[in-house]
2 protein chains.
Amino acid sequence: MLVFEASDDDPPPGIERVRALADLDLAPDPETLAELIGEAEVLFFYRAARGPLEEAFARAARLRWIQSASAGVDGLLFPELVASDVVVTNARGIFDEPIAEWTLGVMLSFATGVVTSLADQRERRWNGWRRTERLAGARLLVVGPGPIGRAVARLARGAGMQVSAVGSRDRDDDELGPVRGPGALHDALAAADFVVDALPLTAATRHRFDAAAFAAMKTTARFLNVGRGETVDEPALVEALASGAIAGAALDVFEEEPLPETSPLWAMPNVIVSPHVCGEFEGWESAVMDVLVDNLGRYARGEPLRNVVDKALGYGAGW
Amino acid sequence: MLVFEASDDDPPPGIERVRALADLDLAPDPETLAELIGEAEVLFFYRAARGPLEEAFARAARLRWIQSASAGVDGLLFPELVASDVVVTNARGIFDEPIAEWTLGVMLSFATGVVTSLADQRERRWNGWRRTERLAGARLLVVGPGPIGRAVARLARGAGMQVSAVGSRDRDDDELGPVRGPGALHDALAAADFVVDALPLTAATRHRFDAAAFAAMKTTARFLNVGRGETVDEPALVEALASGAIAGAALDVFEEEPLPETSPLWAMPNVIVSPHVCGEFEGWESAVMDVLVDNLGRYARGEPLRNVVDKALGYGAGW
């Protein structure tokens, strides 16, 4: 098994558990990847960009399976990989509840005034006339009710919110109740106090949140993004925040990451910028290693792998 | 009925509902209070300090009942009032769930990194190596499980936390399970990841959180105060935060309010300062008016009032 991108000096935490199960090589750079990929049956795609893999892919004669360390695989899938027989598995499941906690946390930070408190605090300003908003009873719209969006819905309902969902198609969901298809997005946005974007990035979801989407939202509503930055037309979001078309945003993902220093989002008082860490709880690498080790066992036994991605659709679980 | 402190220019929101039920006078200042109190049977104690009432109390020959607009009545009870036959009722109940939402919000703000995000944001710093902490599974100790503490416990359990409680006495509680008495406080503190102080202020609870209490806590633990500032030895708290004896604090109440500009708490990066508003949701005045109107009806019908305070104990509901 080959790991890209990793070195002996900076190995994936817990990778020693794999040594008992497979011959292990670490590729710290694109050159080593190109050199070693011809022998590899399994690739663990860890903290890597897809460019070097795409370039080396023609040499990957024995490659059967790629395990990603992420839930989103838009950063991995390239046309030759999609067209190939190579199986892709992701790390879905382990990030769901941590991301749901972040989402509940930012909603409560807006509603109960934590964001305002921290800003006032810098000026030593005591504003005892402020009011808080209740979260119980507020309406949350989950756009993209895959495993992450469903975990968000579950936690938000537990906190008394009214939750609805817009997914990839109209359906009746055992847990969520009626899920509406993409055509209902703007109507659903108009009714929401909080909107969480938990979409996978595909050709169809790119810029799903555009100027028209933000215009459909309440001026008092907040937009949260735990999906992918490119599902949002970021200049349109900045404009909606600046003009007061929406009331605030909490963003863990951006069109360009790290968020450029020149982005106006950094300085907006009604925005929480999070550096793509909302799922990266203390111990997440170990949880990913559990998935890899489990899948290596299945692979050795010739059993179906867990967390297989539908490469044509571009994601692992329906939403 | 007399309202102190209020004027025609600045009446309690919704007070017009009372005009149909009682003769209404508003006392905007201590002089008017002293002048009108001799005729009043009922006093609505609204946004007022007790000093003027204490001074005028000897003239309150007809006073039968005081309705407070707060849950905590430590700011109202003075010895002559406690010794008198005047019934005191408070506004308990309406603030419980909003305060619980604030408490969950600050815990999640620490755990999921919202506090760090907002600080990093000011420096346009992208720290993608940060980790979040899970709230599910973390241990919350509720000190003072009255109605507010119980609401906090309920919401925290709903979010997957492990909740225990230290109350006024050892008991087995239907909802909370075993509640330990004050003697178990330091042992309980040693096991907690989050500690919420929801104590009423009485002679017995003053400075319940002192240097020894903070020394008993984990260095990774956060202290939250939704009770009363004077239940905490504030210099000892500042020292515990500065020395790293505890990891952070979220404070809605302080020994002196507004918090003096010179307080070191304002500038501590691991502290959330909230200006005694955590229960003051949009619409709280109307909810207080519901209590007053309900009690005026009971009073007129000669029925027992709701939310009667045990003046000798210094609070309304057991904890």
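Test of the criteria: in the range B:88-137, which GluC sites (Glu not before Pro) are in a DSSP loop and have at most 16 other Cβ atoms within 10 angstrom of their Cβ?
Here the GluC sites (Glu not before Pro) that fit, given the DSSP loop and packing criteria, are B:E123.
Nearest 10 degrees, 0 to 90: what angle lies between the long axis of helix B:96-112 and the longest principal axis of chain B (Cα atoms)?
20
Of the peptides A:18-30, A:137-149, how do they stack up when ordered by the mean number of other Cβ atoms within 10 Å, highest first?
My ranking of the peptides, most packed first, is A:137-149, A:18-30.
Could you rank the peptides A:151-159, A:301-309, B:206-214 by their average count of other C-beta atoms within 10 Å per residue, with the highest value first?
A:151-159, B:206-214, A:301-309
What is the extension gain from B:R17 to B:R171, computed as 0.36 nm multiplied by their sequence separation minus the C-alpha to C-alpha distance, in nm to one decimal?
Using 0.36 nm per residue and subtracting the Cα-Cα distance, I get 51.3 nm.
Taking 20 °C and 1.002 mPa s as the conditions, I'd like the Stokes-Einstein D for the range B:46-150 in µm²/s, using the Kirkwood hydrodynamic radius from alpha carbon pairs.
121
Residues of the range A:251-271 with the amide nitrogen closer than 20 Å to a label point 7 Å from the Cα of A:R124, along Cα-to-Cβ, please.
Hits in the range A:251-271 for A:R124 at 20 Å: none.
When the accessible area of each residue in the range B:96-113 is compared between its chain alone and the complete protein assembly (1.4 Å probe; ligands, DNA and RNA ignored), which residues differ by at least 40 Å², being lower in the assembly?
Residues meeting the cut-off: B:E101, B:W102, B:L108, B:T112.
Only bridges whose two residues both fall in the range B:96-273 count here: according to DSSP, what percent of them are antiparallel, nearest 5? Provide the component values of the computation, followed by the final result.
Numbers: 3 of 26 bridges.
Here the antiparallel bridges make up roughly 10 percent for the range B:96-273.
Report the antiparallel proportion of the DSSP beta bridges in chain A as a percent, rounded to a multiple of 5.
The antiparallel fraction comes to roughly 15 percent.
Please say if the range A:96-273 is rounded, prolate or oblate, where rounded means a/c under 1.5 for a ≥ b ≥ c the square roots of the C-alpha gyration tensor eigenvalues, and otherwise the choice is prolate for a/b larger than b/c and oblate otherwise?
Details: a/c = 1.77, a/b = 1.28, b/c = 1.38.
Taking the square roots of the gyration eigenvalues as a ≥ b ≥ c, the range A:96-273 is oblate.
Give the value in nm², to one decimal: projected area of the alpha carbon convex hull of the protein assembly as shown, averaged over all directions. Mind showing how you got there, number by number?
Details: hull surface 128.1 nm².
The directionally averaged projection comes out at 32.0 nm².
How much accessible area per residue does the range B:96-273 have, counting only protein heavy atoms and a probe of 1.4 Å, in square angstrom?
With the other protein chains kept in place, the range B:96-273 gives 36 Å² per residue.
Would you calculate the separation in nanometres between label points at A:D9 and B:R154, each defined as 7 Å from the Cα along the Cα-to-beta-carbon direction?
Taking the simple label geometry, A:D9 and B:R154 are separated by 5.6 nm.
To the nearest whole number, what is the average tally of beta carbon atoms from other chains within 10 Å of the beta carbons of peptide A:132-140?
Across A:132-140, the average partner-chain Cβ count within 10 Å equals 4.
If each label sits 7 angstrom from Cα along the C-beta direction, how far apart, in nm, is A:D170 from its counterparts in the other copies?
Reported distances to equivalent positions: 6.3 nm.
With all protein chains present, how much of the accessible area of the range B:96-273 (probe radius 1.4 Å) comes from carbon and sulfur, to the nearest whole percent?
Its accessible area is 49 percent carbon and sulfur atoms.
Among bridges DSSP assigns within the protein assembly as shown, what percent are antiparallel (round to 5)?
The answer is about 15 percent antiparallel.
Would you calculate, for chain B, the mean residue ellipticity at 222 nm contributed by helices, counting each DSSP H stretch of 4 or more residues as -39,500 (n - 2.57) and dividing by all residues, to the nearest 500?
-9000 deg cm²/dmol
Please compute the contact order of chain A in relative form: average sequence separation of alpha-carbon pairs under 8 Å and at least six residues apart, divided by the residue count, as a percent.
Details: 589 pairs, mean separation 51.7, N = 319.
Dividing the mean separation by the residue count of chain A yields 16 percent.
Using the Kirkwood radius over Cα pairs, work out the Stokes-Einstein diffusion coefficient for chain A at 4 °C and 1.567 mPa s, in µm²/s as a whole number. Working shown, then result.
Details: Rh = 20.9 Å.
It diffuses with D of about 62 µm²/s by this estimate.
Can you give the local net charge around B:D85? Use residues other than it whose beta-carbon is closer than 15 angstrom to its beta-carbon, Lys and Arg +1, Asp and Glu -1.
That sum, taken over residues with Cβ under 15 Å, equals 0.
The values are calculated or read from the model by the stated rules, or taken from the named source; none is laboratory data. Everything numeric here is computed off the predicted structure, so don't read it as measured data. Don't worry about glycine lacking a Cβ; one is built from the backbone with ideal geometry, like all the others, and counts go over all protein chains shown. Side chains are part of the model used for accessible areas, which takes the heavy atoms of the whole protein and leaves out ligands, DNA and RNA. Shrake-Rupley method; radii C 1.70, N 1.55, O 1.52, S 1.80 Å.
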